[in-house]
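To keep things clear, I will list the structure first and then write my remarks on it.
The values are calculated or read from the model by the stated rules, or taken from the named source; none is laboratory data. Here the structure is a predicted model, which means the values were calculated and not measured. Quick reminder, even Gly has a Cβ in these numbers, built from the backbone with ideal geometry, and neighbours come from all protein chains shown. Remember, those area values only see protein heavy atoms, side chains included, never the ligands or the DNA or RNA. Shrake-Rupley method; radii C 1.70, N 1.55, O 1.52, S 1.80 Å.
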Amino acid sequence: QVQLVESGGGLVQAGGSLRLSCAASGSIFSSDAMGWYRQAPGKQREVVAAFTRGGSTNYADSVKGRFTISRDNAKNTVYLQMNYLKPEDTAVYYCILHRAIGGRDYWGQGTQVTVSS
């Protein structure tokens, strides 16, 4: 089993910054890929940023140049540094671990990010 615990959400003014953390525990494989999704009220969950199995990164067009995903493999932790936040970034942010072996996804409980204008 895998457990994902997110932290770092909160309320910030437009133009501000936040850093989200996601700590994974349990059976973690080197082939697992981690990333971040978000879901705003009334909208579908969408990918924000993610590592591929090859270690490269992908970003949603809406966050390119503002958000940076990083990881600490020794701590099984992935981070999302969010700069120049906009009100439209307001959402619940979820950490995901995608297991290539078996194709299963594990989700964190979500952390609320609210950006005021």
Segment Ser31-Val47, extension gain: residue separation times 0.36 nm, minus the distance between their alpha carbons: 3.8 nm
Pairs of alpha-carbon atoms within less than 8 angstrom and 6+ residues apart define the contacts here; what relative contact order does the stretch 9-117 have, in percent? 37
Ranking Ser56, Thr90, Gly42 by how far each Cα lies towards the positive end of the charge dipole of the stretch 42-96 (+1 on Lys and Arg Cβ, -1 on Asp and Glu Cβ), the top one is Ser56
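What is the ratio of the Cα radius of gyration of the chain to 2.2 N^0.38 Å, where N is its residue count, to two decimals?
On the way: Rg = 13.6 Å, N = 117, 2.2 N^0.38 = 13.4 Å.
For the chain, the normalised Cα radius of gyration comes out at 1.01.
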A chain fully extended from Asp72 to Gln39 at 0.36 nm per residue, minus the present Cα-Cα distance, gains in nm 9.4 nm
What distance in nm lies between label points placed 7 Å from Cα along the C-beta direction at Lys86 and Ala23? 3.3
Taking a probe of 1.4 Å, how large is the accessible area per residue of the stretch 3-117, in Å²? 53
Can you return the lysines within cross-link range of Lys86? Criterion is Cα-Cα under 26 Å, with same-chain partners fewer than 8 residues away left out. Lys43, Lys64
Counting other Cβ atoms within 10 Å of each Cβ, which chymotrypsin sites (Phe, Trp or Tyr not before Pro) in the stretch 22-110 have at most 15 and sit in a DSSP loop? Phe29, Tyr84
Trp107 to Ser62: extension gain in nm, 0.36 nm per residue of separation minus the Cα-Cα distance? 14.0 nm
